[in-house]
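Each remark here refers to the structure printed beneath this line.
We did not get these values from a lab; they are worked out from the coordinates using the rules stated. Every value quoted in this text rests on a predicted model; they were computed, and no experiment measured them. Cβ: placed from backbone, ideal geometry, glycine included. Neighbour counts: every protein chain shown.
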Amino acid sequence: MKHRFSRHYTRDEARRLLPEIREWLAELNRLRVEVDRYEQRLSGLNTEGQDTGGETVNKWIRALAAMQQILADFQERQIFIKDLSRGLIDFPTLIGGKEVFLCWESDEEDIEFWHDLETGYGGREKLD
């Protein structure tokens with residue numbers, strides 16, 4: 001049977017990644033606030049017809065690059081951010097030979113749910 005994903009996580013493998021994922025999510029959210037702040041500043045400079053080069057642009061680019069690196073780490077591991085603000089994460093897994101997602105949200109202590117690839121959060125079911 002051909003699967004959509006080349007990487008499948010056991011529940012224990014996904015659990016071991018949670019401390020690191022919590023750190024990545026916190027950093028992504030911090031950087032997102034920073035990027036928004038720089039974009040507002042740059043937008044104001046554009047409407048005033050001022051030069052938008054300089055330190056603000058450099059900081060904005062560095063923040064975007066840092067976000068891109070963290071997102072690349074998720075992508076390389078085939079771990080999916082479904083909602084950054086909620087910290088909603090999906091890990092590809094196999095349950096009964098069927099490809100599904102382990103589903104975790106950052107306010108949850110453990111990985112306790114799964115859902116079909118197509119149903120999303122609304123189709124979450126409790127793991128045994």
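Within segment 54-62, none of the residues are among the small types (Gly, Ala, Ser) and crowded, with 16+ Cβ neighbours inside 10 Å. Restricting attention to segment 86-104, the residues being surrounded by 13 or more Cβ atoms within 10 Å (Cβ to Cβ) and either on the phi > 0 side of the Ramachandran plot or among the small types (Gly, Ala, Ser) (or both) number 1.
When each of 73, 107, 83, 116 is tested for being of a type in the set (Asp, Glu) and surrounded by 14 or more Cβ atoms within 10 Å (Cβ to Cβ), the lone residue that passes is 116. Given the criteria touching a strand residue (DSSP E or B) at 6+ places or on another chain (Cβ under 8 Å) and under 29 Å from residue 33 (Cβ atoms), does residue 94 qualify? No; evaluated as a whole, the condition is false for this residue. Taking the criterion of being more than 18 Å from residue 19 (Cα to Cα) and touching a Phe, Trp or Tyr at 6+ places or on another chain (Cβ under 9 Å), the residues of segment 95-112 that qualify are 95, 99, 100, 101. Counted as qualifying within segment 13-128 are no strands (runs of 3 or more DSSP E), as none has 2 or more residues that are in contact with a helix residue (DSSP H, G or I) (Cβ under 9 Å, 6 or more places away or on another chain), in contact (Cβ under 8 Å) with a residue 12 or more places away in the chain and more than 29 Å from residue 2 (Cα to Cα).
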